[in-house]
Every structure is written in structure tokens, then in C-alpha cells.
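> Let me begin by handing over the structure; questions about it come next.
The values are calculated or read from the model by the stated rules, or taken from the named source; none is laboratory data. Small disclaimer: the values here were computed from a predicted structure and weren't measured. Neighbour counts are summed over all protein chains in view; Cβ atoms, including those assigned to glycine, are modelled from backbone coordinates with ideal geometry.
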Amino acid sequence: MCDAAGEPLSAPLLYNDARASGEAEALMQMAPRNHVAATPASGLAKLMWLSRQPEPGAAASFMHQADWLAFLLHGKPGISDCHNALKSGGDPETLDYPEWVKALPVSALLPRIVEPGTVIGPVSGRIAHHFALPRDCVVRAGTTDSIAAFLAAGAGQPGEAVTSLGSTLVLKLLSEQRVESAQHGIYSHRFGSLWLTGGASNSGGAVLRAFFDDAELQSLSQRIDPDQPSGLDYYPLLQPGERFPVNDPAYPPRLAPRPEDDACFLQGLLEGIARIEARGYQLLQELGATPLISVRSAGGGARNPAFSAIRARLLGVPLHIARHSEAAYGSALLARDGSRLLYSGHDKSI
């Protein structure tokens, strides 16, 4: 929440802050069924919660972190991109808010929505001077970190997907159809004339790191025969709770029995994560997404040959290591090429 000069009126809330549970329940009564904004962690629920606190009496705008950081460069408060605004109730098809959102008392504080890559304006004179930037340098509307990573990976055709193998497992599939299912933790962002649909599992590299360090992961992986299944049926989680492809805050980890051979145990963990990935893409297709044709891999797990072989066997489509995977690289592409990058349909490089 910011005043007319763009100055914050209270501390920012993190993306996973769930204090707005009461506001989310109220939104469930107004929003379409399973709407992505009707959750405690959504931007819209946070805005409603913030509006009830004593600090924002002089509030003039509500900005996501990316909006506020861009504002510091161009000096125009209250502008967001449709990717960041999705969970604040923004409609990515109309670049506006639906009538049920406009009916909320806080709707006047919501940012104006533009397409990612849209030129918002030149950098302010103060910023240009401070950072020695040319005065004709412009600021474009951004995107979210995970979509920037997708841009970096170079996927651009329907059916192409990017799996981020970091501490968690994030799947994004480029689809001709929009897929939404809060029941399964699935939502879609507009991506040019297509849709970027997917979800994020709580499984991933953090589970592996709970049992093995880097040296152990490397040495044990060399002892794995990816063509010979371990026979273990794991669902690797550090604690109860899953988001996708099962959206259940009480979903239990499954990590037993543990064999004496650590290489076999690691193989079971890798197979469990790979099954979650394969099930995730299968579910997206069952719900109407464009059929999967290939997967680019990003993140630390992409560099493990045994893991890649297990995943390729379960996915049944070509598997590639993304040439670039840093979100900052995708952001640089968007800054250079603007919204046409989302419509390009092919890999681009700086």
C-alpha cells in the first residue's frame, strides 16, 4: 500500500504470507469457483487485509513488488503487468478487472494492467543521472520470476514445456488452451496469443538435500542404473502438504521403506520426483492443455545424468537442458524485445 508519492505505508507482505484467510473466505463467496485470487496468499486478499489496518489511511495505490521497483525507475505509481496482477484479480484476456473485483471497496487502489514488455516510460532524470543511464532509456512492464525463467529457456511453441528443478519442482507448459483448476493447484498466465499453464510441487531438490550433500549426490548417482526401476514408491516431501499435482495441505510424505543401500534410496527419491513431474504434465493435458512435445530442464537437477534418464523414460518426450535458465536473462530479453518476445514463437539470444 503506497501513498500518492509512491511511498510505502506499511511493511510489504511476502508472496506466501497467509494472514488474509478471513478475506480469502469472503472472496470465495464473490469470485467464480476455484478462482486463483480467492486464496489467503493472493494479492487481492492481502489488499483487503491491508485496507483494514490503521496505517494505510492515505493509500493511493496498491503495488506488487515488481510494480514498486519499476516505479522507482519511471516514477509512475500504480502500473502492473498481467502476470503479476493475476492473483490480484486481474483478467489477463481483457487487461482489466472483472466486475466482481470492481465492486470491492478496495478496487480503486488496484494497479492499471498492461501486457509484459509494454513501454511504461523513460527512466526519470534523477535515476538516469544516478546510474549514468542514457536519457532515452525506457522502462518496460515486467513479469514474474518463473515466467522470466521460462523466457530464458527459449521455449516458444505450443506443447513445449520447462521444468525448473530447484528446491521445489515447477512445471510450465505452453498451451493453446487456458487451463485453470484450483483443486489441483493449476492456473494459467497469458503468453502472447498462447497460455502458460502449470503448477509447483513442494517436492524437489530440498528433499534430496535433507539426506545428501552435493558430493554424495554426485557419487551415488553414478551407481544408479536408470533403466532398472528401484521398485520403491516414494512421494518425496519434507513435511505434510502438497500444492500440485495434488493440492492438499495435509498430503503426507512417503519415504519408507528406506533400503540400506544409499544409492538405491536416492534412486527411489529421484523416481518419486520424476513421477510427480510426469503426473503433472499428464494432468495438464487431461484438463485440456496442448499435448506435451518436449521439456527443457532448468535448475541444479538438470545437470544430473541419472535423474535426466529417469525423467526421460517417464515423460516419453525429448528432454533438453535449457541453454539459459536464469530469470534475469529472461528479463533482459523482455527488456530488449518487449511484448513481441511473447509472440515470437522461437528462441532468442542476446
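> Given the options Thr143, Thr118, name the one that is surrounded by 22 or more Cβ atoms within 10 Å (Cβ to Cβ) and closer than 16 Å to His64 by Cβ.
From the options Thr143, Thr118, the qualifying one is Thr143.
> Could you say whether any residue in segment 16-33 is surrounded by 14 or more Cβ atoms within 10 Å (Cβ to Cβ), in contact with a Ser or Thr (Cβ under 7 Å, 6 or more places away or on another chain) and outside any helix (DSSP H, G or I)?
No, the conditions are met nowhere in segment 16-33.
> Of all residues in segment 121-144, how many are over 15 Å from Met63 (Cα atoms) and either out of contact with any Leu (no Cβ under 7 Å at 6 or more places or on another chain) or hydroxyl-bearing (Ser, Thr, Tyr) (or both)?
Of the residues in that region, 16 qualify.
> Looking only at segment 279-323, count how many residues are part of a helix (DSSP H, G or I), surrounded by 20 or more Cβ atoms within 10 Å (Cβ to Cβ) and of a type outside the set (A, V, I, L, M).
Residues meeting the conditions: 6.
> Among the residues that make up segment 279-292, is at least one of them of a type in the set (Lys, Arg), closer than 30 Å to Tyr234 by Cβ, within 19 Å of the chain's Cα centre (by Cα) and at pLDDT 95 or above?
Yes, some residue in segment 279-292 is of a type in the set (Lys, Arg), closer than 30 Å to Tyr234 by Cβ, within 19 Å of the chain's Cα centre (by Cα) and at pLDDT 95 or above.
> Continuing with the same structure: Consider segment 186-227. How many of its residues are under 21 Å from Ala298 (Cα atoms) and in contact with a strand residue (DSSP E or B) (Cβ under 8 Å, 6 or more places away or on another chain)?
Adding up the residues that qualify gives 16.
> Does Gly330 satisfy the criteria of being modelled with pLDDT of 95 or more, under 17 Å from Val170 (Cα atoms) and crowded, with 20+ Cβ neighbours inside 10 Å?
Judged against the criteria, Gly330 is not a match.
> On to the next question. Need the failing condition index for Gly89 against (1) modelled with pLDDT of 95 or more; (2) within 21 Å of Leu342 (Cβ to Cβ), just the number.
Among (1) modelled with pLDDT of 95 or more; (2) within 21 Å of Leu342 (Cβ to Cβ), Gly89 violates only (2).
> Could you look through segment 39-73, keep only residues that are assigned to a helix (DSSP H, G or I) and polar (S, T, N, Q), and pick out the one that is farthest from Leu14 (Cα to Cα)?
Ser51
> Of everything in segment 121-133 that's in a loop (DSSP other than H, G, I, E, B) and without any contact (Cβ under 8 Å) to a residue 12 or more places away in the chain, which residue is surrounded by the fewest Cβ atoms within 10 Å (Cβ to Cβ)?
That would be Ala132.
> Given the criteria touching a residue at least 12 places away in the same chain (Cβ under 8 Å), out of contact with any helix residue (DSSP H, G or I) (no Cβ under 7 Å at 6 or more places or on another chain), more than 24 Å from Ser21 (Cα to Cα) and surrounded by 15 or more Cβ atoms within 10 Å (Cβ to Cβ), does Gly75 qualify?
yes
> Kindly provide the set of residues from segment 84-94 that are in contact with a strand residue (DSSP E or B) (Cβ under 8 Å, 6 or more places away or on another chain) and either part of a loop (DSSP other than H, G, I, E, B) or among the β-branched types (Val, Ile, Thr) (or both), ordered by number.
Ala85, Gly90, Pro92, Glu93
> On the basis of being under 21 Å from Ser146 (Cβ atoms) and β-branched (Val, Ile, Thr), does Thr39 make the cut?
The answer is yes for Thr39.
> While we're here: Could you check segment 190-230 and list, in sequence order, the residues that are touching a helix residue (DSSP H, G or I) at 6+ places or on another chain (Cβ under 8 Å), in a loop (DSSP other than H, G, I, E, B) and not basic (Lys, Arg)?
Across segment 190-230, the qualifying residues are Gly192, Ser193, Ser203, Gly204, Phe211, Phe212, Gln222, Ile224, Pro226, Asp227, Pro229, Ser230.
> May I pose another question? Regarding segment 95-106, can at least one residue be identified that is part of a strand (DSSP E or B) and free of Cβ contacts under 8 Å to residues at least 24 places away in the same chain?
Yes, some residue in segment 95-106 is part of a strand (DSSP E or B) and free of Cβ contacts under 8 Å to residues at least 24 places away in the same chain.
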